[in-house]
């Protein structure tokens with residue numbers, strides 16, 4: 001079975017690749033991620049993937065276009081439901097490429113992450129499969145979450161700290177700021193007890 005696997009990043013490929021190999025699936029990798037921001041982050045993830053693919057002799061294809069405008073046009077004013085549009089863009093394109101190159105199916109490393117909306121990914125992939133007339137190969141790769149992390153660390157791969165889009169980057173820093181503010185407030189709050197439970 002020839003399968004095209006959409007790759008969001010190198011660390012997330014580790015476990016799914018091992019599963020497909022164990023099943024005897026003939027797979028090719030496809031890097032297509034117009035959501036990633038900023039450009040330096042895009043380049044880091046792309047280069048890390050290419051390095052891994054070449055070191056392990058994976059068959060692969062990359063879309064090197066920095067597609068930020070395309071992504072933003074899809075999600076602007078729909079930020080609260082942006083993930084569905086993001087999944088649709090990437091999985092739809094993967095299904096299209098799979099059909100054009102006579103693959104017998106497609107899947108995605110998005111199914112590996114515990115932080116992604118698994119059911120929505122599956123829904124969008126199944127819709128893309130129907131539109132492009134190419135089967136979607138579903139696997140719940142989340143069961144190998146820790147295994148993939150351990151292997152990517154052992155291989156010294158670049159590991160990103162947020163999903164990739166400009167909105168998730170903002171949320172990352174917003175959460176970090178909130179944690180810092182909570183710590184600062186705790187520092188300035190006197191513990192209540194004998195001698196300091198009443199104002200002098």
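Values computed for the structure shown
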item: Within a Gaussian network of the chain (alpha carbon springs, distance under 10 Å), most fluctuating of 12, 163, 155; result: 155
item: Square roots of 5 times each gyration tensor eigenvalue, C-alpha, segment 19-65, largest first, Å; result: 23, 11, 9
item: Gain on full stretching of the segment that runs from residue 149 to residue 69 - 0.36 nm per residue minus C-alpha separation; result: 25.7 nm
item: Nearest 10 degrees, 0 to 90: helix 118-132 Cα axis against the chain principal axis; result: 30
item: Segment 2-164 - percent relative contact order, Cα under 8 Å, separation 6 or more; result: 32
item: Centre separation in Å (Cα based) which lies between segment 119-158 and segment 10-57; result: 11
item: Highest-MSF residue in the chain out of 129, 17, 154 [GNM, Cα springs under 10 Å]; result: 154
item: Using alpha-carbon coordinates, inclination of helix 145-154 to the longest axis of the chain, degrees; result: 90
item: log10 of Debye I(q)/I(0), alpha-carbon scatterers only, for segment 1-43 at 0.25, 0.31, 0.34 Å⁻¹; result: -0.86, -1.11, -1.23
item: Compactness index (Cα Rg / 2.2 N^0.38 Å), segment 2-164; result: 0.96
item: Rounded to 10°, Cα long-axis angle of helix 39-55 versus longest principal axis of the chain; result: 50
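Values quoted throughout were computed directly from the atomic coordinates according to the rules given, and no laboratory measurement underlies them. The shown structure was predicted, so the numbers you read here are calculated from the model rather than taken from an experiment.
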